[in-house]
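Everything below concerns the one structure shown next.
The values are calculated or read from the model by the stated rules, or taken from the named source; none is laboratory data. Everything numeric in this text was worked out from a predicted model, so none of it was measured. Counting neighbours? That spans all protein chains shown, and the Cβs are built from the backbone with ideal geometry, glycine included. Only protein heavy atoms, including side chains, enter the accessible area calculation; ligands, DNA and RNA are left aside. Shrake-Rupley method; radii C 1.70, N 1.55, O 1.52, S 1.80 Å.
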Amino acid sequence: GDEVNLSVTTDADIPIISWYYDDNNFISTTESATFNVESGKNYNIYILDLISGCDAYKELPLHIFSNPELVFEGNSETCVGGNISYTAKPVDESSYSYKWYKGSVSESNLVSSSATLSLTGAVLADGVTYTLVVGNGHCETEVEVPITIYEEPTPVITSNDFVCYNGTIEFSTSGYKS
């Protein structure tokens, strides 16, 4: 889980503060505690005032949200002039927001706000790493997605240029020039 930093203030004269998870698993005895939170655990604080002898035990109101988890469908490679249709799909049924950026994350690089990155008539300059930012209202996940655009090969064809009527012409290739 992610790291969280919590601190407490109290009106106790001489407090002893203890942080726990799941009632009896000790974390720390300081006014502030930094620890990794995990889904499914309950976090608590116990305060004892050494002067009055009064104590308090309270469950912390931590809401732990999962980062979006995705699978991808479609094609992330094509030739020049081809099309890309690459879709991020959540592994659960949650509602997410999507932002595709060409290269780094900045508003000037935003190319799509849908789950699908679509490129029609791709050019070589489209072949970069795109950054997908997916959010669920609480957490965001950034995923780098490389898109590859291939140049179409250009065959090099040679032949005998002159041929007589009913003659034979011979073509040969010597490889591809890209």
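What to note about this one:
- When the test is whether a residue is in a strand (DSSP E or B) and at pLDDT 90 or above, V4 does not pass it.
- Just so you know, in the range 93-109 the residues that are over 15 Å from the mean Cα position of the chain (by Cα) and outside any loop (DSSP other than H, G, I, E, B) include one that is surrounded by the most Cβ atoms within 10 Å (Cβ to Cβ), and it is N109.
- Filtered residues of the range 54-68 (kept if surrounded by 12 or more Cβ atoms within 10 Å (Cβ to Cβ) and under 23 Å from the mean Cα position of the chain (by Cα)): I64, F65, S66, N67, P68
- Answer residue from the range 11-30, given it is in contact (Cβ under 8 Å) with a residue 24 or more places away in the chain and in a loop (DSSP other than H, G, I, E, B) and is least open to solvent (accessible area, probe 1.4 Å) among those: A12
- Applying a threshold of 6 Å to beta carbon distances and a minimum spacing of six or more residues, or different chains, the list of pairs starting in the range 117-140 at a residue that is part of a helix (DSSP H, G or I) and ending at one that is surrounded by 13 or more Cβ atoms within 10 Å (Cβ to Cβ) reads L124/I149; D126/L119; D126/I149.
- Of the residues making up the range 82-92, one or more are in contact (Cβ under 8 Å) with a residue 24 or more places away in the chain, farther than 14 Å from V145 by Cβ and either assigned to a loop (DSSP other than H, G, I, E, B) or of a type in the set (D, E) (or both).
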